[in-house]
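See below for the structure under consideration.
Derivation of every value follows stated rules applied to the coordinates shown; laboratory data play no part. Just so you know, these numbers come straight off a predicted model, no measurement behind them. In this analysis, Cβ positions are derived from the backbone assuming ideal geometry, glycine residues included, and neighbour counts consider all displayed protein chains.
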Amino acid sequence: MNTLMTRLLVSAGLCLGLGWSASAGATNYDFSTFSTEGQSYENLSMGDLHFSSEAGNLSYTDEYGGGLFSGTGADSDITISFAHAVSNISIRAGDGAGDPDAFGITAYAYGSNALLGTWYSPVFGTNAGNQWFTLSIPAVNVGRIVFDPCNASGCPGYLGGQGGVVLTDLNVTAVPEPETYGMLLGGLALVGVAARRRRNAA
């Protein structure tokens, strides 16, 4: 192994092992065919997800394209907590009713629960071609999101208001724990160090 390659391995392994973060493991949750009508998801843990809602009656409905629904007119916020940090979040929601709709996503950091931001969809649903919308957010290392179905196109929504949408799909990408990458990439540094020692001894 030449000197340049050895130095690159050592540098890359040490730098990446100490602080590099990457994402892997994209997962799609399709709630549109998820369950039977009326099945409760309130305070339910399912795999890496935990569900709760502002109204306390989160459930599945096969109406409006099928999805998660909470409160009269689906106007109650839905909280989804993740067992591990996630990034690349997108949510698809709608109701197929031909009326103006909108929704928002508020994200909180994994571990610290610090507010990362709130993002809203544009108003959609007023014609046959835009009954559902997919909103992607740029937040990373997310531990919890709050889905706000809004009240028709009025954002933010409020409990007891009219309108709202059902949550049909959630896409996330798991962020590997730093310790895992630290060990793997630290190993890369050791390989580089060993190669350098062999070269020096020769």
How many residues, within segment 112-137, are touching a residue at least 24 places away in the same chain (Cβ under 8 Å), within 15 Å of the chain's Cα centre (by Cα) and on the phi > 0 side of the Ramachandran plot? 1
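Yes or no, residue by residue, for (1) at positive phi; (2) assigned to a loop (DSSP other than H, G, I, E, B); (3) touching a His at 6+ places or on another chain (Cβ under 7 Å):
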{"site": "Ser32", "(1), (2), (3)": "no, no, no"}
{"site": "Ser35", "(1), (2), (3)": "no, yes, no"}
{"site": "Phe51", "(1), (2), (3)": "no, no, no"}
{"site": "Gly65", "(1), (2), (3)": "yes, yes, no"}
Scan segment 85-131 for residues that are aliphatic (A, V, I, L, M), surrounded by fewer than 20 Cβ atoms within 10 Å (Cβ to Cβ) and not in a strand (DSSP E or B) and jot them down. Ala97, Ala114, Val123, Ala128
